[in-house]
Every structure is written in C-alpha cells, then in structure tokens.
Number of protein chains: 2
Amino acid sequence: MFEARFQSFEDRDERAASAPRVGALRTELARRGLTGCIVPRADRQQNEYVPACEERLAWLTGFTGSAGAAIVLMERAVLFVDGRYTLQAREQVDTSLFAIEHLVETPPERWIETNLGGHDRLAYDPWLHTVDGAEKLAKACDAAGAALVVVEPDLVDAIWTDRPPPPLGAVTLHDLRFAGESAEDKLTRIRGELTKLRADALVVSDPHAVAWAFNIRGADVAHTPLPLAFAIVPREGRAALHVDGRKLSNDVRHRLEGLADVREPDDFVRALSALGAEKKTVRLDQATAADALARLITSRGGKVARGNCPIALMKAVKNGVEIAGARAAHVRDGAAVARFLAWLDREAPRGKLTEIDAVAALESFRRETGLLKDVSFPTIAGAGADGAVVHYRVTTRTNRTIVPGELFLVDSGGQYQDGTTDITRTVAVGEPSAEMRDRFTRVLKGHIAIARAVFPDGTTGAQLDSFARQFLWAQGLDFDHGTGHGVGSYLSVHEGPARISKLGTAALKRGMILSNEPGYYKTGAYGIRIENLVLVVEAPAVAAAEKPLNAFETLTLAPIDRRLIVAGMLTLDERAWLDRYHARVDATLAPLLDAETRAWLAAATRPLARA
Amino acid sequence: MFEARFQSFEDRDERAASAPRVGALRTELARRGLTGCIVPRADRQQNEYVPACEERLAWLTGFTGSAGAAIVLMERAVLFVDGRYTLQAREQVDTSLFAIEHLVETPPERWIETNLGGHDRLAYDPWLHTVDGAEKLAKACDAAGAALVVVEPDLVDAIWTDRPPPPLGAVTLHDLRFAGESAEDKLTRIRGELTKLRADALVVSDPHAVAWAFNIRGADVAHTPLPLAFAIVPREGRAALHVDGRKLSNDVRHRLEGLADVREPDDFVRALSALGAEKKTVRLDQATAADALARLITSRGGKVARGNCPIALMKAVKNGVEIAGARAAHVRDGAAVARFLAWLDREAPRGKLTEIDAVAALESFRRETGLLKDVSFPTIAGAGADGAVVHYRVTTRTNRTIVPGELFLVDSGGQYQDGTTDITRTVAVGEPSAEMRDRFTRVLKGHIAIARAVFPDGTTGAQLDSFARQFLWAQGLDFDHGTGHGVGSYLSVHEGPARISKLGTAALKRGMILSNEPGYYKTGAYGIRIENLVLVVEAPAVAAAEKPLNAFETLTLAPIDRRLIVAGMLTLDERAWLDRYHARVDATLAPLLDAETRAWLAAATRPLARA
C-alpha cells in the first residue's frame, strides 16, 4: 500500500511524565525565589510549527496542540487552550495537575488578575512572548499587585535534561526562476519603505520575512521551508543576516555575503544593543516580535517604532513569476489530487479503507509528481464524525475505517518550489443523505459567491466574508472559522496580512493568494468544507466602472463532488460557474493523467444540467 | 403654497465678518501669552445639532457645516473640514484668512505635529474636546515640542460680544405610553450594569442618554427633542440630574425629584470633584465625554474607568411599547409621504416646482397629521446634480427648479412622540435614462438584500454592509457612506452603537431600529438613495436552525418608484419582496388617504409583473 513520509500518525502520550516534570519546575521556582511561571507554546520567532527543542509546553503538560500556555504556581497549575483543543487537552493532560481554561474566554492575563496576589512573583521569558503579549502580562500582574519577573533562558530549559538539540537544516537559495525578484531589489524596496516610515532600521523577526527578503529557504521546522534566522535591514548601509553558520554551505554563504553581513545568532543580541546605544529608531512588529528584542533596543536608549513589518505586505503580493509558479504548482497538484479522488472512489465503497490509508495514498500521489518537497501541513482526513472536528489530525489511536453512507473530508496541501497548495474536498462514500446534500450545496453556494465576487480596490476580506455564510445563515447554520487565509509562495500555508474573515482588515491587493474555504460541521455526524486557493486579479473590464475593480481567479483544480450537489438549489449563474470550473479542471488535468483517471475525471466534471 | 416652519432656507454669509473676529482673537491670544488656539465645531456634550450660542466655529470662520475645527495661530489659520464640506467651506470662508485642510487626511493633530514648534503655546478648552480628542492633541503638541494649554472658558467666548444666550427649552416628561419603561426601572437596570462593570458611578455626559434614562425630552437644539443636561448615577444611592432649573415647570420638577436629586449645572462641576475626592471609580465614555469631566475626577484622586456608556446599548434596544410606537409613527408618516409623492407626481412634470417648494410641501403634509413635533433633520431635496451631493441642504441661493428628465432625491423624517422616522425616496420626473434605471435597480437590489437578510445572533452591521454594495461593485460602482445608522425613539435620528457599515462592530440585537439606505451618486448628474427604517426581529422559525436567527422588519411605508426599476434585473425573490412590500404599503396606507391619493397609491404599488 501507500506510505506517508512527510507526516506521522504517532500518538504521543506523555501524561505520566508530567507530574515529575512539574515537580522539578516547582523546585526550580522555589530555588530562585519565584512563586510561578508562564510557559507558552512558542519559540523565539512565534512560529506556527516549532522545532522539537521548543516544545516546552508539550514536554511539561503532554498537550501537543498548536496554541496554548500554562501557568504553574507552587500549589496549582492551569493550562489554557482554545475551543479547538478542549477535548484533546482533556485527553492528553493529567487534569489532577492542570486545570483547563479557555484561552479566549479566560486568557492568562485575565486569570492572573483574579488568581495572583501581592506575594506572587511570576517568571516569564521575554524571548517567548511578543511585545504586545508581554505588555498584557505586565498589566495583569500590576492589577493583581504581583511582580512579573524576567527569567531568561526559560525555566523549563533549566530542568529539561533530554532536550533535543536545535535544528540545523541546510539553508538553500530560492532561485530567481521561483522568486521572480532578486534579494538585492527586495532589500532596495524595503529600504524605500523605511524611508517612508522614517525609521533608521528594520528588525526582521519573522523567519518567513527573512526567507522572502533574502530569497532563501530552510529546513528547521516541519512542513514550511523556513530557515530560523533573524535580520536587520538599516535604511542606509549593509543588511545583516543572523543565522547559524552550520546551516550554510560555502557556496550559499558566499552568495549571501554578497548581499549582507552574515553573522551568528549570538551577534544579534549585540547588534540590537548597538542600535539602542546609537539612539536609533527601529521599526519592529509588536504583534509578532519577541519582547526581548524591544527590550534590548530600548534599554540602551533606542526607540522602537511599533507597526507592521513592511515585508509582510510585500511578501503577500506575489509577482508575475510567483503567480506563474503557483498556477503550475496547482496543475501538478490537481493531477495528483484527481488520481487520489479517483482511487478513493474505487476503493472506499468497499468499506476497507482507513483514514490513514487515504492520507498515505494522497501523499504518495503527490510524491509521484517528483517535485513534492513536503506536505504543506499534516493532512486532515476525517470520515464521518471525525470530519466535524475542524482541526482533526488522524493518529494510530483515532484512525477509523471509512464506511459507506459517510462523508469524507480531506484537507491537504503540497510544498513545491514554485508554489504552496492547500485544497479541501468533501466526498460522498456510498449514498449521502438529503440533509448532507442540502448542507453541501449551501457551502458550495457560499464558495461560489466568493469565487465570483467582484469588488473595488481597497475592499477588505472582512467585507467579503459574509458572502460565504449567507446561504447557511438562512437556515440558522454557520461555520466557526474564517472563510480564507493568505498563502505563501513555497512558504507558510498561513500567511498575513490579508484574510477573508470578519477580522480581515487588510485590503485585498492584486497578486495576493488566499484560500476560499467555507464549511459546515455537524458535531458527531459529519463535516463539509470546500476549499480552493484564489488569486486576486483585475476584474474583466466594465465600461462604466468608476473604480479599479478586482476579482478572484481560482487556482486550485480538482472536481467538486457532483453527487453532493442539489442542482435545483443553484442559480443559473452558480451552475454556469461550476460547469465552467469543471470544464477547466477536465481540460487542464486530463492530458496529465492515465486513461483510467481520465475517464473518471470526465465523468466527475461533466456539466450539472446533464446530471 | 406650502410653508416650512421647522426648517429654514437661509444662506448665512458671514465671510466678511471673519477678519475682524480673527483679529480680535489674535489680540486676545497675545494678551494671554498664547501663540494659538483650536476652535472645534462642538458644544460641551458633543451634540450633532448645537445651540446658536455654541456655534463658535461658524461665528469665527463663516463655515456652517456640522463637523470641523479651526486652528488660529498669530500669522496664519487653518480650517479642517471633511470631504462632504470641502466645496461649501471654500464658498463660505475667507480663504485669505484660512487655509482649508482635509479633516480626515490631515487632522488637526497631524497638522500640529508638522506646523507647531518649541515656542508654541496652543490653547484648548477641555469642555469642547472629548477625552480621546484631547489626548490626541496632547500627543501631537508633545511631538512638536509645543505646549498645550488649558483655557476655560473658550477664548472665542471672551471676544464674542453679541453671543446668543444659552437655550432654555422647557423639559417635558416622556410619557410611559411612549417610553414603555419607567425611569425608576431604567435606573435600576443602569445600576445593575454598574455592578457588572465594578464602577462606583456613571457620568452620563450624552444628553440623549440623560433623556432616555429619566424619560424626559427637551427643546434646546434643532430637530432633536434634547434637554441639555448631565447626570450622575451612583451604583448605590440617589442619582443626580443637573439641569437649568428655568427649564422645569413645578410639576416636572416635582416628578423628577421623585427620581433623583435635581441640581443646577454649576453643581455638576462640584459633584465630579467630590467623586474624585472620595477616590471613586467613575465610568465615563472617553469617546464622547468632555476632557474636562475626566480632569475634574482625576485631579482630585478619583479613577476614570473608560468605556462605552452602558445606556447607549440599552437605549438602542427598543422595548415593546417603543416598537409599537415606531410602527404607528411609520404608518402616519407613510401616509404623509404618500400624499407628498402623489402631489409631486402631479406637479413636478409641469417644470415649475423648486426644491424649496417640495421641502415645504412635504413638511406641510407631515404637519397635517397633527402630531409632528419637528422634522428629524433638515430635508435633503436634491434635483438633478444637487442629488449627487450626499448632504445637500437647499438654501435660497442653491434652490433650483426640478426639470423633467431629472431624478429628484428627497431624504426627510419626522419627530413624533411615538417615534422618529427617516425615509429617502428617489423619483423620476419625466422620462429617466436607461443608465438611471440601471443604477436605481442596482441600488434597489442592495436595499432588498439588506431587507431580506437573515443572520445569527452576534452578527454585526459590518458583516451585512457588503450585501448592499455587491450589485454596484459588479459594475465598478459604489457609494461613499455607510449603509445604515441606528435611529432613536423620539430622539436623535442618528444613534449608536449599531450601524450597518464596515465600521459597525456592534452586534445587531432584536429591538434595534436602523436605516437601510444604499445609494449611488453621479457627480454633476444625479443622486439615488432608497432608504427605509428596519427593525431587528426574530427570524421566522427554521426547523434545523442551530443558532438564534434574526432578520429585519421594514418599518417605513411608501412606494418605491416603479418607473425606475428594470424588472428584468430582479430575481424572482427580489420581485416577490418588492410586490409584497408594495401590497403592504397600499393596504396599510389606503384607509388613511383621500380618494385621489388612494388612486395614485394603488397604481404606484401594483405588482411589477403586471407593469
């Protein structure tokens, strides 16, 4: 059968290890005259995927979710997780050690306000909290009359004896035929932004921004080709790239030295202090940069100019080469997905396939393109009720057989050098119920409303989000996540600043790539999501237009399950969109497919009217 | 002919008076050792309509718009106005005295940063600036190295010799058959909110909130039955109402004294100081309350808890009696509007009517209901190109004849004790062009999309706003204002906190009344707006609904001009909405009308399909 190489189905159970670890942490707290500490799920660069050596929260509590924090006091401890992870936390964590709190409803700062007192001394590591985050902690401790104490490195590091070493993934150059713009030109543009912002230098604390600016990629974390590195770009003079020299081949080092001073990470601290001592005004994104960075600058008298990193927007707007790459990646990926869907249609009705079988098969079809560098995130493959768990990750323990009569939701993506993909398809195995088809059709109508949207320059994602929900709202239904997120170019599958969500306040600009992924989830029964990536493009010309008009071009190419569509619920325009989309999928992918898949695809993409 | 009593068409021209007044102000500045001052268009309670004695900005500059500010330095002066008023300001103001700046693009604080220097001492009156506004001024002066100096009362008051006296409009009790909830019960609810907010007292600085809480109305400003008054509601103990005793009859005073301590406005300052001296935590809305109020509290050691005034939300959610009143007011108002529209249809095609004739006629029809207390704002009546000026107010100078072939936009409303109305209709005079009909139909489709929206509890106006724009966007068109604002109950026609706009972050709650008023404006040619008031109600039950569902009930009753509708551009659902709406308009209003108007209405409301 098929094999997954880029993702594991391991189900770590470290619950039993938690008690002695918490005990050791309390001993360390007492030794240092502290009464508590906060341990976030974070590394120094606030990465979505963190290296093993930064999994402090998982090591301490057993909880492996992608967001959370713990506060450990001498007599009690609490773990904060969001709604996605409440169930998982109760399964993974020893709840006699940790109370579970809701990260959004009772965030750590609110808990601190009501649970700490005048005698408390709470430790935090300013490298693991953003400037904004640390400010909230300080205010909360202040309100409680408690002291917030800088402890660096983190207390967990002091007691974690078998901690894995930091990653040393090789840094590679991201070729101009993928990047489309030289690092020299990018640095020049960044300097132009600094002039506009009246800042002396930019601290680049987000490794995605470092990767984009220097046209490099790395292998330090899972699923995203990130090099863990910092940079400083002064308005005048040479930039500095701070990266562990062991990650650089001689050739890569030589090329990078043509661009910037290549320095060790330890030098970064000295460089920030120097900027401070020179009283420079340093731009820094307070929402993502570690509090430690701002402290190093201001403690020596420098000024921190808070605000978005200008690279974020530059990176989000893809250039012509990146867009051509994205289109090519989606054709390649679409062919792999079509092979997977055809295979699934043959195999699943027999009632023998498991979720892990499907994940392994899909990854294998993608690997057979010969160009897959990694999956862009662990595949979400949820049969039946598992599909209703929005961030479900199948493990050997949760794995189940896909049974006829169920819906099967598969959300997956590939990392190719020319582009990052992200696609969700929900397919019927056996005969779907009338309710499933009604809900699927409502989700599809929302998906099409976004895909067909035409909107003037300056429109934000927040202004479009409801288009995707209106047909669910009409039945008293909704979905509890945003409609879409930005996507990087051979970088993170989740990228700011634009998103389609009620919180999406960034304008959608031509060249941005976002997901369009409305869904519907019936707890304990089934999940539905239909996701394509879309590119913001100039809308077809309209004679009387008074404003520049934008629209979406759908990049993702794979059939949407016709068996789940109630054709009579679609308007003529919606049907026309779907039929045209399917015709394009068939015409584009068929030449890349074997005869069997080609026949399957022709049937799967035939016009609805003839159904 | 008809006569307007509640609105004037006067066109004040005080441009010539401006130079000596600015000269006197500069003399006063020099006398006090100041180098400049800021004069906002504001009174002590940040009212939309201010009494004549508070029209400092108009007196000094000649500019009569409803928003703006001037900064007068020794050698130069600048007037800040927003995009609505740029043209008007250039006409009304002596531009050799005042440079005109854009209030939004270069607000006073930004101008101060780049135009003031270390020697500057800028005066401001903390009674005329909000807490937030004063903070911005202080920051800007700080950045410029200049000093911001408290001068109170305002410098203009010192030189304005023929200043009108403050208004002394009689305070009346707002009867329970209109208010639906006793002031006692309201005060109890407010105290409950204060307990939740952990505040010792609430400073009620918004006169609308004072009017609502004490069930009183007044006559101090135009078009809104506001009593200029302040109040303090402590969490425990008696509330205090600070109002000029000359506005109170013995009976009203007696009734109010049963509710609260009735005190003079001068006592308000002492009461705030006392709260400060007692170290109380006082809730105050920093976005609307005068900076002076916060200063009085904090200067004596009290704590200001910043945040929305809890009354704003309580007032916005109408009770059953207010809702019944609103429905009744809309029937009465709709009949008057129908008489007006029928009259207009007879008279306008002869090409003799002016905009002022129309305004006077409409007011007269409303007065003939016998229950009109005032118009709810000066009627906007724009023929042809005047219709494209969103906030057009006709004066004897701008007045023009309505010519066949034009569109005529009329935005108006009435103040009745049982409800406040606000309606816009755009009518064809003579034969409209194909473009006009296309644009009108797109605006109508947006209006219907809002009217028919169904949305779950917690949905904000920002989430609905784009529904009104989508059909314009598709042609590269848009309108440059929000889709809707909250409306008071025999109070202000503009009321927070909810609105339908991309800035509308308050959830829409059942009982809120908002406007639904998309438009389209072609500069120099015509304006289109279709406005009804809508009430947030529980949506009709849906079997499988997982969330409480809301919808809008349209309150406004008047025909929408069928001659401007391209029926083929409407979906079946849209047509059905319009036909049902028109049938309801006809059935509800016909019994109230004379035979001639009734015949006109029957034709104006017949189903589209038969058109």
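Assorted remarks:
- Residue check, A:ARG366 among the basic types (Lys, Arg) and modelled with pLDDT under 95: no
- Residue within the range A:389-411 that is more than 30 Å from A:LYS352 (Cα to Cα) and not in a strand (DSSP E or B) present: no
- Test: residue in the range B:50-61 that is in contact with a strand residue (DSSP E or B) (Cβ under 9 Å, 6 or more places away or on another chain), surrounded by fewer than 18 Cβ atoms within 10 Å (Cβ to Cβ) and within 24 Å of B:HIS223 (Cβ to Cβ): no
- Exactly one residue out of B:PHE455, B:PHE471 is open to solvent by 10 Å² or more (accessible area, probe 1.4 Å), within 11 Å of another protein chain (Cβ to nearest Cβ) and of a type in the set (A, V, I, L, M, F, W, C), and it is B:PHE471.
- Filter pass, A:PHE440 being part of a strand (DSSP E or B) and crowded, with 24+ Cβ neighbours inside 10 Å: no
- Qualifying residues in the range A:474-488 (those that are out of contact with any helix residue (DSSP H, G or I) (no Cβ under 6 Å at 6 or more places or on another chain) and either in a strand (DSSP E or B) or in contact (Cβ under 8 Å) with a residue 60 or more places away in the chain (or both)) - the one farthest from the other protein chains (Cβ to nearest Cβ): A:GLY488
- Condition met for B:GLY68 (at positive phi and surrounded by 17 or more Cβ atoms within 10 Å (Cβ to Cβ)): yes
- B:GLY413 meets all of the listed conditions (1) of a type outside the set (D, E, K, R); (2) buried (at least 21 other Cβ atoms within 10 Å of the Cβ); (3) out of contact with any helix residue (DSSP H, G or I) (no Cβ under 9 Å at 6 or more places or on another chain); (4) away from chain A (no Cβ under 14 Å) but one, namely (3).
- The residues on offer are A:ILE513, A:ILE500, and the sole one that is open to solvent by 10 Å² or more (accessible area, probe 1.4 Å) and touching a Ser or Thr at 6+ places or on another chain (Cβ under 9 Å) is A:ILE513.
- Look at (1) more than 19 Å from B:ASP579 (Cβ to Cβ); (2) surrounded by 21 or more Cβ atoms within 10 Å (Cβ to Cβ) and you find that B:ILE448 fails only one, number (1).
- The single condition among (1) of a type outside the set (Asp, Glu); (2) out of contact with any Ser or Thr (no Cβ under 9 Å at 6 or more places or on another chain); (3) at the interface with chain B (Cβ under 7 Å from one of its Cβ atoms); (4) within 20 Å of B:ALA544 (Cβ to Cβ) that A:ARG439 does not meet is (3).
- The residues listed here are B:GLU355, B:GLU368; of these, the one that is over 22 Å from B:ALA498 (Cβ atoms), surrounded by fewer than 23 Cβ atoms within 10 Å (Cβ to Cβ) and among the charged types (D, E, K, R) is B:GLU368.
- When the range A:518-532 is filtered for residues that are over 18 Å from the mean Cα position of the chain (by Cα), surrounded by 24 or more Cβ atoms within 10 Å (Cβ to Cβ) and assigned to a loop (DSSP other than H, G, I, E, B), nothing remains.
- Screening the candidates B:THR288, B:THR281 for the property of being in contact with an Asp or Glu (Cβ under 6 Å, 6 or more places away or on another chain), open to solvent by 40 Å² or more (accessible area, probe 1.4 Å) and among the polar types (S, T, N, Q) yields one hit, B:THR288.
- Residue match in the range A:405-412 (condition: more than 25 Å from the chain's Cα centre (by Cα), without any contact (Cβ under 8 Å) to a residue 60 or more places away in the chain and over 22 Å from A:PHE6 (Cα atoms)): yes
- From A:LEU535, A:LEU464, A:LEU491, residue being over 24 Å from A:ALA388 (Cβ atoms), crowded, with 19+ Cβ neighbours inside 10 Å and within 14 Å of another protein chain (Cβ to nearest Cβ): A:LEU464
- Among the residues of the range A:1-35, those identified as touching an Asp or Glu at 6+ places or on another chain (Cβ under 6 Å) and not in a helix (DSSP H, G or I) are A:ALA4, A:PHE6, A:THR35.
- The residues of the range B:81-116 that are over 14 Å from B:ALA144 (Cβ atoms), open to solvent by 100 Å² or more (accessible area, probe 1.4 Å) and outside any loop (DSSP other than H, G, I, E, B), listed by number, are B:ARG84, B:LEU87, B:ARG90.
- Filter pass, B:SER515 being more than 13 Å from every other protein chain (Cβ to nearest Cβ) and part of a loop (DSSP other than H, G, I, E, B): no
- Some residue of the range B:293-306 being under 17 Å from B:ALA209 (Cβ atoms), surrounded by fewer than 21 Cβ atoms within 10 Å (Cβ to Cβ) and at pLDDT below 95: yes
- If you check B:LEU589, B:LEU557 for being away from every other protein chain (no Cβ under 14 Å), in a loop (DSSP other than H, G, I, E, B) and in contact (Cβ under 8 Å) with a residue 24 or more places away in the chain, only one passes: B:LEU557.
- Residue list for the range A:158-191, filter: charged (D, E, K, R) and modelled with pLDDT of 95 or more: A:ARG163, A:ASP175, A:ARG177, A:GLU181, A:GLU184, A:ASP185, A:LYS186, A:ARG189, A:ARG191
- Considering the range A:439-495, and only residues there that are modelled with pLDDT of 95 or more and among the acidic types (Asp, Glu), the residue that is nearest to A:LYS509 (Cα to Cα) turns out to be A:ASP457.
- Taking the range B:251-268 as the range and being outside any loop (DSSP other than H, G, I, E, B), out of contact with any helix residue (DSSP H, G or I) (no Cβ under 6 Å at 6 or more places or on another chain) and not charged (D, E, K, R) as the test, the residues that pass are B:VAL252, B:HIS254, B:LEU256, B:ALA260, B:PRO265, B:PHE268.
- Criterion: more than 14 Å from chain A (Cβ to nearest Cβ) and either among the polar types (S, T, N, Q) or under 25 Å from B:MET512 (Cβ atoms) (or both) - qualifying residue of B:ARG580, B:ARG575: B:ARG580
- Among all positions in the range A:496-507, there is at least one residue which is more than 10 Å from chain B (Cβ to nearest Cβ), in a loop (DSSP other than H, G, I, E, B) and out of contact with any strand residue (DSSP E or B) (no Cβ under 6 Å at 6 or more places or on another chain).
- When restricted to residues that are over 18 Å from A:LEU241 (Cβ atoms) and crowded, with 19+ Cβ neighbours inside 10 Å, the range A:251-278 contains 1.
The values are calculated or read from the model by the stated rules, or taken from the named source; none is laboratory data. What you are looking at is a predicted structure, and each value in this text was computed from that prediction instead of being measured. All Cβ positions, glycine included, derive from the backbone under ideal geometry; neighbour counts span all protein chains shown. We work out accessible area using only protein heavy atoms, side chains counted, and drop any ligands, DNA or RNA first. Shrake-Rupley method; radii C 1.70, N 1.55, O 1.52, S 1.80 Å.
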